[in-house]
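Written out below as structure tokens is the structure these notes cover.
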Amino acid sequence: APLSTKVPPPTPPARPVFFVRLLHGRRVCRLGSQATTSAALSGVGDLACQGVIEKREHLDGRRLLTFTALGGFLVGPTLHGWYAWLHRAIPGSTAGSVLQRLALDQGVFAPIFTPSFMFAVRVLERPQEAPRALASVADDWWPAVTANWKLWIPAQLVNFAIVPLHFQVLFANGVALVWNTYLSHITHRLA
């Protein structure tokens, strides 16, 4: 047999793995960029909280690192997976489908995810105080969720109704700058 048959065929170039595929397979974003964007927004939110709201003279680096890491490893992948599921479960752009997505997003997801994130921050920053963290999140979850609704219900209504699907995560990331600052504040105010 000719030598060329003994050489393995060239390996096709690796195709990137996309975490979210919406709109008939159109690539919306990659998991790495999603996580990086979410981490950066979480970090900027905590920096704004420490510098502007709390007016700290010295930056709490551990707190910033924890908030940033959770943004990248928990928030980004979770939210992008959630958006993908919402649009698969309730497709379309009618008023009914927009309101159904909004109801699920703010009525089911937000009241569960917000305190889960707050608990994760508190436990990672002070693992020895995990039982206290659970009690403090139980006390703080209602103010956090109602603040979430004040910001995110109007924002998500605009997002789901007007913003093209492939820009919805980007729009939400802009709103997240404000939300992450508030979330850092409420998560750390009693810490």
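Every number in this text was worked out from the coordinates using simple rules, so none of it is lab data. Only a predicted model underlies this, so the values are computations on that prediction, with no experimental measurement involved. With ideal geometry, Cβ positions are generated from the backbone for all residues, glycine too; neighbour counts draw on all protein chains shown.
Could you tell me how far the Cα centroid of the stretch 85-134 sits from the Cα centroid of the stretch 139-168, in Å?
The two parts, judged by their Cα centres, are 11 Å apart.
Can you check how the C-alpha radius of gyration of the stretch 79-191 compares to 2.2 N^0.38 Å, as a plain ratio?
Normalised by 2.2 N^0.38 Å, the Cα Rg of the stretch 79-191 equals 1.15.
What FRET efficiency would be calculated for the residue pair Phe109, Ile53, taking the C-beta separation as r and a Förster radius of 22 Å, to the nearest 0.05?
In this case the efficiency is close to 0.30.
How far is it, in nm, from the label point at Ile186 to the one at Phe73 when both lie 7 Å from their Cα along the line to the Cβ?
Going by the 7 Å Cα→Cβ label model, 2.4 nm.
So between Leu134 and Ala84, what do we pick up on full extension, going 0.36 nm a residue minus the alpha carbon distance?
Using 0.36 nm per residue and subtracting the Cα-Cα distance, I get 15.0 nm.
Starting from the Cα gyration tensor of the stretch 126-191, multiply each eigenvalue by 5, take the square root, and state the resulting semi-axes largest first in whole Å.
In descending order the semi-axes read 30, 12, 9 Å.
Once fully extended, how much extra length lies between Trp149 and Gln100, figured as 0.36 nm per residue of separation less the alpha-carbon to alpha-carbon distance?
Taking 0.36 nm per residue and subtracting the Cα distance, the gain is 16.1 nm.
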